[in-house]
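The numbers here are math on the coordinates, done by the rules we state, and not lab data. All figures in this text were calculated on a predicted structure; none of them were measured in a lab. In this analysis, Cβ positions are derived from the backbone assuming ideal geometry, glycine residues included, and neighbour counts consider all displayed protein chains.
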Amino acid sequence: MVLCGPKTSTFGLVLSVWGILQLAITGLLFHNRSLAFIEDLSLEEVTSPAELDKELDIKYEQGAYNCWIAALMYVATLCVSVQQYWMNERVVEIKAELM
């Protein structure tokens with residue numbers, strides 16, 4: 001069943017691939033505790049360096065998991081876009097056969 005046209009499915013393909021790459025790389029950077037993302041962490045007020053280290057570990061890991069989950073959502077979008085692209089190509093082939 002065709003739900004969207006060929007241009008929309010192609011756009012979905014490109015957007016999904018970009019989202020997967022961007023979020024996977026961002027997740028890896030969070031996992032490696034990149035200092036570029038320190039401002040994106042919502043840190044609670046801590047009183048000791050040990051608590052700060054524990055809080056940073058938790059927040060960085062949570063950020064990495066969130067990015068990877070969002071990348072998996074883009075994988076689902078990619079699957080739908082590929083299916084729609086294939087269906088649109090199939091409709092064109094069927095119309096060509098009928099003529």
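Structure above, values below:
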{"item": "Distance in nm between pseudo-label sites at PHE11 and VAL46 (7 Å out along the Cβ direction from Cα)", "result": "4.4"}
{"item": "For the range 33-47, Karplus couplings with θ = phi - 60° (6.51, -1.76, 1.60), whole Hz, Gly/Pro x", "result": "6, 5, 5, 5, 9, 4, 6, 7, 7, 8, 7, 7, 6, 10, 10"}
{"item": "Relative contact order (%) - criterion: Cα under 8 Å, at least six apart; region: the chain", "result": "51"}
{"item": "Rounded tilt (10° steps) of 49-98 against the dominant C-alpha axis of the chain", "result": "0"}
{"item": "Nearest-ten-degree value, helix 6-31 long axis tilted from longest Cα axis of the chain", "result": "20"}
{"item": "Residues of type lysines that LYS95 reaches as a straight line, Cα spacing below 25 Å, ignoring anything fewer than 8 places off in the same chain", "result": "LYS7"}
{"item": "Alpha-carbon centroid distance for the pair the range 65-83 / the range 20-46, whole angstrom", "result": "19"}
{"item": "The chain: proportion of alpha-carbon pairs further apart than 22 angstrom, %", "result": "50"}
